[in-house]
Every structure is written in structure tokens, then in C-alpha cells.
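Written out below as C-alpha cells is the structure these notes cover.
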Amino acid sequence: MDGGHSHSGSRNSVAEEKQKWPVSSSQMVSHFATSGLSVAVATAFTHPLDVLKVRLQMQHVGQRGPLTGMGQVAVQVLKKEGPKALYLGLMPALIRSVLYGGLRLGLYEPSKYACNLAFGSTDILLKIASGAFAGAVATALTNPVEVLKVRLQMNANQRQGPMAEMRTIVSEEGIRALWKGVGPAMARAAALTASQLATYDETKQVLIRWTHLDEGFHLHLLSSTVAGTVSTLVTAPMDMIKTRLMLQRESKTVGNYKNGFHCAYQVMLKEGPRALYKGGFAIFARLGPQTTITFILCEELRKLAGLDAI
């Protein structure tokens, strides 16, 4: 019986926490800082997988053919370009993860609070809507850094730094090039944040309700693993399309994609439907651990900063 009381107590505290979201400016800073820092640490650990994912997605552009697996691509990159190639674009990736991660995770709770005020509830659909909004806004603001990161990851011979590459992109392709692929990137981020955060949030509630798990490492580990799996399945095709659009300059063999839908159509037509999941295993290998590290670290940092659990 005591377990039942503690679980209902934890559920009530969750509900109360949602009611008192408007917080002081110092808590607000802690809220966004813990989100950004946890995503940055996770990004640093999983960056080599991100480089491999981009390389896998750019295989056989515009044609069908047997796909090289992640292991083979990793061996090729190490042989031809050396271990440093696995950390191409790390600086923009870290800058982006602090800004984008901080906004993406940080905007979720205020959005959920706004939904609670407007609709008087935070059911799964409103959690999905809050996550989608947080992801889309964060991406729209940080897309230039993502374009820069992807360009650097594909270009092993690049001798210039991130700022010089940024100037090259703007001078050769115009300022609008920094928002290449922003449509699919926003769709992907909306889907990623919605699937990741809503799944994590909901899985935590279900586990607290139906098992003897309480706030702590095991609950966070299980919930984040489920969230990582769901978000990979949902976002892999969008990630593929986003990469192709951002790298149009690099793949001169293909005619320009007009937009995300045109890109998806062309890929399915010329490379087959399976091509939408090119780099899918690399996405899972990266997004699974990244989700787990992000949520576990974020929950610990929030505890240290005196904030409530997500």
C-alpha cells in the first residue's frame, strides 16, 4: 500500500510542478543551461557516429546500388582520412548543441505549461504539440550552424576553419544558403522533439504508475532508451532529406531538389524507398546513446541546480 501512496504522491507532485512553471530568472538560466550542457556532452561522445551518418546518407546519390554498411564506411574514412576525420565539424556541432539543445529541451516545459493554461490538461497529444513547437523554433534559429556542420563533415580536405567556411557559403551561394533544408530540418526537429520528449515524459509517468520505479537512474535509463528508439524510427527519413538538401552544392551529379517533398520523391524514384533509411543504423547508434546520455545528465544537472525532474 505504501508503494501506491508514494506513486500517487509522485504523480501529484508532477501535476503540482506543472502548475507552478513561471520561475525566477536564475531558475530560468539554470533551466536552459542544464538542457544545453547535457546535449553538448552527449554530442561530444556521439559526434563520430554523426559524421558516419552523413557519409552514409550521401552514398549513391541519384542512383540505386548496394549500400556500404557503417563498419565499412568507418574503416574507409579512417584509412583515407585518418581518425581526425571522425571529428570534422565538431566545433559547430558543439555550438549548435548548446544553442539548439538548450532551446529544444528548454522550450518544452514552458510550451507544456502554456498548453496546460489554455486547455487545462497535459495529455499525450499536448505533450507532442509542445515538443513539436520547441523543436521547430529551436531549429529555425540555429539552422546556419547545422548547415556549416554538415558542410565541414563532408569535406575532409577543408583547410579553412568554420568562420571562413561560413563566409565562403555566404559569398558563393548567398545568405539564404544558410537556411538550406530548413523546412525538413524543422519538420525533423519537431518530430524528434515531440517523439523524444513526449515519449520520455509519458514513459516515465507509465513506469512510475505501473512499476515500483521512482525518480532516479533506472527510471531515467529505461525511459530514455524507449525515447531514443521511437525518435529514430520517426525521424530517420527526415534526417536523410535534410542532409541531402544541405549538401546540394557538394553533389553536382543530381539536379537541384526544389524542396523536401521533391527530394523525398526523387530519392524514392531513383534510389528506392529503402534509401530514405540510408544511415538509419548510424542514426540509431548515435541517437539512442545521445538520448540516454542527454536525459540522464539533464536530470542529474537539474537536481544539482535545485530544479524539478523533467
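A few comments on the model shown:
- Failed item, numbered, when residue 92 is tested on (1) under 30 Å from residue 201 (Cα atoms); (2) open to solvent by 70 Å² or more (accessible area, probe 1.4 Å): (2)
- All conditions in (1) open to solvent by less than 70 Å² (accessible area, probe 1.4 Å); (2) out of contact with any Gly (no Cβ under 9 Å at 6 or more places or on another chain) hold for residue 245, with the sole exception of (2).
- Criterion (part of a helix (DSSP H, G or I), farther than 20 Å from residue 202 by Cβ and among the charged types (D, E, K, R)) met by exactly one of 127, 112, 149: 149
- Verdict on residue 121 being within 21 Å of residue 298 (Cα to Cα) and either of a type in the set (Ser, Thr, Tyr) or not in a helix (DSSP H, G or I) (or both): no
- Within the stretch 112-137, the set of residues being open to solvent by 10 Å² or more (accessible area, probe 1.4 Å), of a type in the set (Gly, Ala, Ser) and under 19 Å from the mean Cα position of the chain (by Cα) comprises 129, 132, 136.
- Pairs where the first residue, in the stretch 97-121, is closer than 11 Å to residue 131 by Cα and among the polar types (S, T, N, Q) and the second is assigned to a helix (DSSP H, G or I) and modelled with pLDDT of 85 or more, C-beta under 8 Å, 6+ apart: 111/129; 111/130; 111/131; 111/133; 111/134
- The set of residues from the stretch 160-196 being surrounded by fewer than 18 Cβ atoms within 10 Å (Cβ to Cβ) and among the polar types (S, T, N, Q) comprises 160, 168, 171.
- Out of 213, 233, 221, sole residue that is within 19 Å of residue 300 (Cα to Cα), assigned to a helix (DSSP H, G or I), open to solvent by 20 Å² or more (accessible area, probe 1.4 Å) and not basic (Lys, Arg): 221
- Flag if residue 260 is at pLDDT below 80, within 19 Å of residue 53 (Cβ to Cβ) and over 13 Å from the mean Cα position of the chain (by Cα): no
- Residues in the stretch 263-310 that are surrounded by 23 or more Cβ atoms within 10 Å (Cβ to Cβ), within 22 Å of residue 71 (Cβ to Cβ) and modelled with pLDDT of 85 or more: 290 alone.
- Of the criteria (1) part of a loop (DSSP other than H, G, I, E, B); (2) open to solvent by less than 40 Å² (accessible area, probe 1.4 Å); (3) not aliphatic (A, V, I, L, M), which one residue 199 fails: (1)
- Pair list, Cβ under 7 Å, 6 or more apart: the stretch 208-232 residue closer than 16 Å to residue 310 by Cα, other residue not basic (Lys, Arg) and not in a helix (DSSP H, G or I): 208/214; 215/309; 219/213
- Check on residue 140, in a helix (DSSP H, G or I), open to solvent by 30 Å² or more (accessible area, probe 1.4 Å) and more than 21 Å from residue 240 (Cα to Cα): no
The values are calculated or read from the model by the stated rules, or taken from the named source; none is laboratory data. Here the structure is a predicted model, which is why all the values come from computation and not from measurement. Heads up, the Cβs are rebuilt from the backbone with ideal geometry, glycines too, and the neighbour counts pull from every protein chain shown. Areas reflect the complete protein model, heavy atoms only, side chains present, ligands, DNA and RNA absent. Shrake-Rupley method; radii C 1.70, N 1.55, O 1.52, S 1.80 Å.
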